[in-house]
Structure formats: C-alpha cells, structure tokens
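A.B. asks: Attaching a single structure in structure tokens format; questions to follow.
The values are calculated or read from the model by the stated rules, or taken from the named source; none is laboratory data. Worth saying up front: this structure is predicted, and the values here are computed from it rather than measured. Quick reminder, even Gly has a Cβ in these numbers, built from the backbone with ideal geometry, and neighbours come from all protein chains shown. Surface accessibility is based on the protein's heavy atoms, side chains included, excluding ligands, DNA and RNA. Shrake-Rupley method; radii C 1.70, N 1.55, O 1.52, S 1.80 Å.
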Amino acid sequence: MKYIDEYRDNTLVYNLVRRIKKISKKEISLMEVCGGHTMSIQKFGIPSLLPENIRLISGPGCPVCVTSKKFIDKAIAYSSMKDVVITTFGDLIRVPGSKSSLEKEKANGANIQIVYSPLQALQIAKDNRNKKIIFLGIGFETTSPTSAAAIAKGYDEKINNFFLLSSHKIMPPAMSALIDEGVKLNGYICPGHVSTITGSAIYEPIAKNYNLGCVISGFEPTDILQTILMLVKQFENNEAKVEIQYKRAVKPEGNVKAKQLLDEVFELRDDWWRGLGIITNSGNTLKKKYEAFNIEKVIPVDVTEPEEPKGSVCGEILKGLKTPKECKLFGTVCTPSEPIGACMVSGEGACQAYFKYNK
Ligand code: SF4
C-alpha cells in the first residue's frame, strides 16, 4: 500500500532500532503528547523494541480525555432544554459526566446527534431554524480551525440558531504545565496533526526554557522510531532543539490560513484540563464579535464541580505519573465497553490503547 508500507518496512524498523541502541547510553524519558501517537506506539509494540534505558510515557494528548466532566454536565444540561439539539463527535457521547452521559440522555430521549464536522452541525441548524443547534467543540489546534470555519460561515450567513460550547484547547501550555508540576522528562514527541496547523515555532519556548528536545513526529513505526532516534541524539549531545521528523505533513510555518481563521474567531482563556486543573491561556473561546454563537453567553448554565470516580487515576495517567495498569479499575470494572474514566472511552486514550494492545 503506497505511503503506508514503506513506513512499516521491517528492515527500516530494525535499522532504526539498531541505531537507537548504539547511541543511547543515558536513562531517558520521552513523552508523547498526542493520542494518535499513544495508539501507534502500543499498536506497533514500539516499547518492546527499545532498550531498557528508554522510557516512553503517555501524556495529555487525547482531546476526549482532557475534557472536563463539567463540560459534559453542561452539555447534558443544555440537552434537557426545549428545542435544543446537541451535535457532537461520537467518542464524546460515551464519556461519563457526574451522573449521566450524553449516550444515556440520548437513550432517554434527548435530541443528541453525532456529526463528523462542525459544518455538518451548521447545516443541521440551517435545516431546523426552529431549534437551537449546539456543537460541542473539543480538541486541540487540529480541530479548532473547523469550528472556527463553521462559526465564521454562520456569521457571514446570519445563522442565529447555531451555537458552540467550546472546550477547544491549546497544546503548548499543557506541555509547560507538566514540567512546572515536576513531571520528569527528557524530551517531547510532539503532536503531528496539531503541528500541521501550528508549525514548529510554538515548541521553541519549551526547548529553550526547559532544556527539552522537541521533535514533531509522524504516526507510522518508522516515523516514531526516527523521532526517538532524533531525541536520543539531542539528549546524548546535551542539546535541546525543535526538529520536524514529520516533514511530509508539517511545515515550519504551519497552515497560515488556518491560523488566521483561529485568530479571527477565537481568543485565549484559562481552561481546565483533567489531571492538570486550570492552565493559564490554554483554551479557546469565541471573540466578542462572535459572542452570539457562544451558548454559554446566550444561555448560561450553572453546574457543580464534579469529582472523579473513586479509585480512578485518570488524572495521573494524563500527567504520565502512572500507567494504565497501575489503576485498580483497569480491565476489571473499567473496560472499553463499560468505561469508568475518559481515558478508557476514547479511541485515543492511553487506557484504551493499553487495553487493546498491551493488556
Ligand atoms: S482504567 Fe479507567 S478509571 Fe482507571 S485510569 Fe484508566 S480510564 Fe481512568
């Protein structure tokens, strides 16, 4: 299969592993901050190929996992209102809120529809002018431009029944917050998809201020191994710089048009991350010009601060302080079919990745 097989070629994989083993002398901990990388690393058994001194840690890169319970509770509160339709990506409906989930509310009759893009949600709004259509915007710099595009289009077309409940987040503040919290790392495997939008400069302060190598990686086994090789080389040479391994998709300047759209529609706000709490300037909210699309401004709802389920260590998993197998609920009461925590719900969650490939 063109563009896949060549990145899974066994000879290339073993050559990279040989090179890593040859130059890696010191203990090194590398964190991947992208749920797609977490899945690939487990699926292709990358940890089993590496020497013992190299430790891979999963970070807070799964958008569903870091979304707060409070956000789910708010979405549920809106879903109970008359003439409201909640539109959302599929993974999110299974995430437990404090008392229910969107999936359960849907089964109980709430109007909750799964969509594949915010533009599809906008179309639902155009087709149902007597209803309020709320799109649940989650995810990082990868998904926020599509929400921004839907809002800008809705504004241009004067659509007044389309709204966003935003939990869109920015990745670099979380990467800095982890180090500030004392999580011990020697390098970041930086997210591939996020970086296609942002470019590479956003990681420069992390490399400089924390003396950590940052390499933007693709998702195939040879991509990830080459990224590890680049990070190990930097570490062994006492260097800390930003490099792009995933050059076939990521340009240093990123996607300029998408960044302009983000700047037009969103502004930064402090946001809450599961496991990490409130991080300054880590979330996107709509600018004043687009306030009529911000459901929290149009119809404010108040929900109480929920607690994490007893026995779960989702927060520590997202900080890389524990592995899924260290959670007492893993694989027993918490499974992909009966998830207790968000990291088991999402197809990009560390617990689901471990459950599927490393149980
Ligand atoms: S096993 Fe379940 S409860 Fe435990 S950390 Fe993972 S998702 Fe959270």
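This table checks each residue for (1) open to solvent by 20 Å² or more (accessible area, probe 1.4 Å); (2) out of contact with any Lys or Arg (no Cβ under 7 Å at 6 or more places or on another chain).
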site	(1), (2)
49	yes, yes
77	yes, yes
82	yes, yes
86	no, yes
89	yes, yes
95	no, yes
103	yes, no
127	yes, yes
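A.B. asks: Could you please tell me which pairs satisfy a Cβ distance under 7 Å, a separation of 6+ or placement on different chains, a first residue in segment 124-140 that is outside any strand (DSSP E or B), and a second residue that is open to solvent by 50 Å² or more (accessible area, probe 1.4 Å)?
C.D. replies: Filtered contacts from segment 124-140: 124/113; 130/83; 131/83.
A.B. asks: Follow-up. Given the structure, is residue 254 over 25 Å from residue 183 (Cα atoms) and near the ligand (Cβ under 8 Å from one of its atoms)? If you could, list the steps in order and put the result at the bottom.
C.D. replies: Working: over 25 Å from residue 183 (Cα atoms): yes; near the ligand (Cβ under 8 Å from one of its atoms): no.
No, not satisfied.
A.B. asks: From the list 192, 137, 187, 182, which one is within 22 Å of the chain's Cα centre (by Cα) and over 30 Å from residue 225 (Cα atoms)?
C.D. replies: Working: 192 fails: over 30 Å from residue 225 (Cα atoms); 187 fails: over 30 Å from residue 225 (Cα atoms); 182 fails: over 30 Å from residue 225 (Cα atoms).
Among 192, 137, 187, 182, only 137 is within 22 Å of the chain's Cα centre (by Cα) and over 30 Å from residue 225 (Cα atoms).
A.B. asks: Same structure again: Can you tell me how many residues within segment 316-336 are near the ligand (Cβ under 7 Å from one of its atoms) and in contact with a Gly (Cβ under 7 Å, 6 or more places away or on another chain)?
C.D. replies: Result for segment 316-336: 2.
A.B. asks: Have a look at 340, 299 and point out the one that is open to solvent by 30 Å² or more (accessible area, probe 1.4 Å), over 21 Å from residue 184 (Cα atoms), among the β-branched types (Val, Ile, Thr) and within 12 Å of the ligand (Cβ to nearest atom).
C.D. replies: Of 340, 299, the one residue that is open to solvent by 30 Å² or more (accessible area, probe 1.4 Å), over 21 Å from residue 184 (Cα atoms), among the β-branched types (Val, Ile, Thr) and within 12 Å of the ligand (Cβ to nearest atom) is 340.
A.B. asks: While we're on this one: Given (1) at pLDDT 90 or above; (2) more than 10 Å from the ligand (Cβ to nearest atom), where does residue 306 come up short, assuming only one miss?
C.D. replies: Failed condition: (1).
A.B. asks: A follow-up question, please. Collect the residues in segment 62-88 that are in contact with a strand residue (DSSP E or B) (Cβ under 7 Å, 6 or more places away or on another chain) and part of a loop (DSSP other than H, G, I, E, B), keeping them in residue-number order.
C.D. replies: Once the filter is applied, which keeps residues that are in contact with a strand residue (DSSP E or B) (Cβ under 7 Å, 6 or more places away or on another chain) and part of a loop (DSSP other than H, G, I, E, B), segment 62-88 yields 67, 68, 83.
A.B. asks: One residue is enough: does segment 161-171 have a residue meeting the conditions small (Gly, Ala, Ser) and buried (at least 23 other Cβ atoms within 10 Å of the Cβ)?
C.D. replies: Yes, that holds for at least one residue.
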